[in-house]
1. Around Met1, what is the net charge, scoring Lys/Arg as +1 and Asp/Glu as -1 over all other residues with Cβ under 11 Å from its Cβ?
2. For the range 41-53, in order, what is each residue's ³J(HN,Hα) by Karplus, 6.51 cos²θ - 1.76 cosθ + 1.60 with θ = phi - 60°, in whole Hz (x at glycine and Pro)?
3. Modelling each spin label as a point 7 Å along the Cα-to-Cβ direction, I'd like the Asn40/Glu21 distance in nm, to one decimal.
4. Across all directions of projection, what mean area in square nanometres is found for the Cα convex hull of the chain?
5. Which whole-number percentage describes the relative contact order of the chain, with Cα contacts under 8 Å and a sequence gap of 6 or more?
6. Please determine, in degrees from 0 to 90 and to the nearest 10, the orientation of helix 3-13 with respect to the longest principal axis defined by the Cα atoms of the chain, where the helix direction is its Cα long axis.
7. Nearest 10 degrees, 0 to 90: what angle lies between the long axis of helix 19-38 and the longest principal axis of the chain (Cα atoms)?
8. Between Lys93 and Lys54, what is the FRET efficiency for a Förster distance of 25 Å, r being their Cβ-Cβ separation, to the nearest 0.05?
Amino acid sequence: MSRPEIIKKLKEKNPQLSQSEIGIILDTFCKSIEIALKQNRNIELRGFGTFFIKKIKEKYSARNPKTGELIYVPEKNKVRFRASKKLKDSINK
């Protein structure tokens, strides 16, 4: 589902809000999730799932698949999502 589709669905549910107001709300929601993840905090949306940061260790002996040469891969953070049991059950029905 794309951003305009989400705004359209929210507009159907909340006709008193304008599309620009819904866009601002959506931007604020996404920005607050981004800020929390940067602070290494978990985001739990009950009934939906949890966003969290997972540290990926550095690798000293990774290989470039094209040339086969050894390269160094630094440590990095990845965003992970774990779906709630309620979401998993509703998808699998």
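Where a number appears in this text, it was derived from the coordinates with a stated rule and is not lab data. Here the structure is a predicted model, which is why all the values come from computation and not from measurement. Cβ atoms come from the backbone with ideal geometry, glycine included; neighbour counts cover every protein chain shown.
1. Here the count lands on +2.
2. 9, 7, 10, 10, 10, 4, x, 10, x, 10, 9, 8, 9
3. With each label placed 7 Å out from Cα toward Cβ, I get 4.0 nm.
4. The number I arrive at for the chain is 9.7 nm².
5. This gives 21 percent for the chain.
6. 30
7. Taking the Cα atoms of the chain, the angle to 19-38 is about 30 degrees.
8. E(calc), rounded to 0.05, equals 0.30.
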